[in-house]
Amino acid sequence: FPVTIKGTGEITSARSLVNPESIGDLSNLASVLVYPNPASDFVNVEFNGNKAATAYLLNLNGQVIREVSLLVGENEIPTNDLNNGLYLLQVKGENGKNLLNSKISVLK
């Protein structure tokens, strides 16, 4: 599908990021919603999937600060004891596949 580069009017081609054949069984898909961002006391991770998942909060050195097994619905990850700054949130399925990679800002 064509994509217009902003400001130049130039059209270039791009490929779809999702190969429909690679999706497989749609019943195994999960949705993850993270809020608020920036966070002060906690980050909510809303998980809607039918398989187990784990959330990892990491510092920018890649060290795991929190590890939380996610339940279906709203899960709270405390951030009230963390310093202001950027952190990484990874959500991985039971097979180790990444479901989400996100930057989280802690601001008090």
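Miscellaneous remarks
- In Hz, Karplus ³J(HN,Hα) per residue of region 31-45 (6.51, -1.76, 1.60; θ = phi - 60°; x = Gly, Pro): 10, 9, 10, 10, 6, x, 9, x, 9, 10, 9, 6, 10, 8, 10
- Subtracting the Cα-Cα distance of N84 and L33 from 0.36 nm times their residue separation leaves 16.2 nm of extension gain.
- Stretchable slack from N101 to R66, in nm (0.36 nm times residue separation minus alpha-carbon distance): 11.1 nm
- Ranking by accessible area, most exposed first, for Y56, Y87 with a 1.4 Å probe: Y56, Y87
- Full extension of the chain segment joining E74 with A52 gains 6.5 nm, where the gain is 0.36 nm per residue of separation less the Cα-Cα distance.
The values are calculated or read from the model by the stated rules, or taken from the named source; none is laboratory data. Keep in mind that this is a model prediction, so the values were computed, not measured. The accessibility values were calculated without ligands, DNA or RNA, using every heavy atom of the protein model including side chains. Shrake-Rupley method; radii C 1.70, N 1.55, O 1.52, S 1.80 Å.
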